[in-house]
Amino acid sequence: MNDALKSFLEGLDSLAQDCESRKGQACSLKELDELRIEFLGRKGKLAQSMGQLGRLDATEKPAGGKKANEVKQCITTLLDAWQAELSQAESGRALSRFDPTMPGRRPWAGSLHPVTLVMDEICDVLTGLGFEHAAGPEVENDWNNFEALNIPPEHPARDMQDTLYVSERIVLRTHTSPMQIRSMLKRQPPLAVIAPGKVYRRDSDLTHTPMFHQIEGLLVDHNVSMGDLRGTLTAFVRQLFGARTEVRFRPSFFPFTEPSAEVDISCVLCGGAGSRDGSTCRVCKGTGWVEILGCGMVDPNVFRSVGYDAELYTGFAFGLGIERVAMLKYGIGDLRMFFENDVRFLEQFA
Ligand code: PHE
């Protein structure tokens, strides 16, 4: 063996020893990484020694290369073992800082909005009675929102609802009643649908907001009578407000129903007495009744506009405001509470 090979091999041996002697220097994974770069990096010590390989005789190169590979393997094994030791120690330290006796932190649970809760409950009751769910757009054309519902242009009934216009013939729907039209245009009787959703009116004060929620109901078949309407709505409000709720139908007017009625229920606060603890009930103002919905028998003109035979079919429709029901159910006095989204208010419905 000539001197060049000898010193090459010795150099590699001392590299391995050097690395072995540095164990104490690697106290953290970061320091160990630095050591790995120092020895095995692209410009590290091993790479430098390998650079000398070119100076050996061709016959000696295989022996030199073999040794270099052995040393590389040896250093890698060493560093890997230290790494395993160190990472175990580090996770041990992290665990010792973890105190399993500390009280847990309760995750912050959200809650459904009261309008959503009431909407869901109303839909559950009505689907339980056999109504199917229908959905449609909040941006509606004039024909669906008014004309087909027996509200022609210039009809004074358009003043009942302060309409928000998108363009001359396009409105933000002022009620869910256009869903009656959309449902009937889609299919033939018999049909029983409900359509919940947002509606818009140019109105804003203590008891009105520009957007609120309604749910519409429509049932069409042969021989549907006012008695069916009464029976259905009585069952509905009793499921919603309790079996002892009294129901009263008052004559009213809507262009799309004839006859029309408004439905009152016995006051949810005073139970119909009109007073509570010796003073006038603040919910029903002493009358014992609160208004809950509008309804009636579908006007034959509405059937005509969707191509139903008004001689063959009759039907009833009803519509109610969700916020109003939520106020009565939860005893909320101010409509604006629903829209301010104060967390302290919303949390109470969790
Ligand atoms: N659309 C009416 C309103 O918004 C409610 C209603 C619906 C009345 C269906 C009768 C029948 O006031």
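Taking a cut-off of 28 Å between Cα atoms, list the lysines near Lys198, but don't count ones fewer than 8 places away on the same chain.
Lys186, Lys329
Cysteines of the chain lacking any other cysteine beta carbon under 4.7 Å?
Cys19, Cys27, Cys74, Cys123, Cys295
Count charges around Leu117 for me, please; just the other residues with Cβ under 13 Å from its Cβ, Lys/Arg as +1, Asp/Glu as -1.
Summing Lys and Arg as +1 and Asp and Glu as -1 gives -3.
Largest first and in whole Å, what are the equivalent-ellipsoid semi-axes of the stretch 228-350 based on the Cα gyration tensor, each being the root of 5 times an eigenvalue?
32, 19, 12
At a temperature of 20 °C and a viscosity of 1.002 mPa s, determine how fast the stretch 3-97 diffuses translationally according to Stokes-Einstein, using the Kirkwood radius over alpha-carbon pairs as Rh; express D in µm²/s, rounded to the nearest whole number.
Using the Kirkwood radius from Cα pairs, D works out to 148 µm²/s.
Which three extents, in whole angstrom, do the alpha-carbon atoms of the stretch 73-134 cover along their principal axes, largest first?
The Cα atoms of the stretch 73-134 stretch 79, 34, 16 Å along the principal axes, largest first.
To the nearest 10 degrees, how steep is helix 226-241 against the longest Cα principal axis of the chain, on a 0 to 90 scale?
With both axes taken from Cα atoms, the answer is about 40 degrees.
Report, as a whole number in µm² per second, the diffusion coefficient that Stokes-Einstein gives for the chain at 20 °C and 1.002 mPa s using the Kirkwood radius over alpha carbon pairs.
The estimated diffusion coefficient comes to 79 µm²/s.
Expressed as an acute angle from 0 to 90° and rounded to the nearest 10, what is the orientation of the C-alpha long axis of helix 114-128 relative to the principal long axis of the chain?
70
Using the alpha-carbon atoms, what tilt in degrees (0 to 90, nearest 10) does helix 61-97 show relative to the longest principal axis of the chain?
Approximately 40 degrees, to the nearest ten.
Each reported figure results from applying straightforward, stated rules to the coordinates on display, with no laboratory input. Treat the numbers as computed from the prediction; the structure is a model and nothing was measured. As a convention, Cβ positions derive from the backbone with ideal geometry for all residues, glycine included, and neighbour counts pool all protein chains shown.
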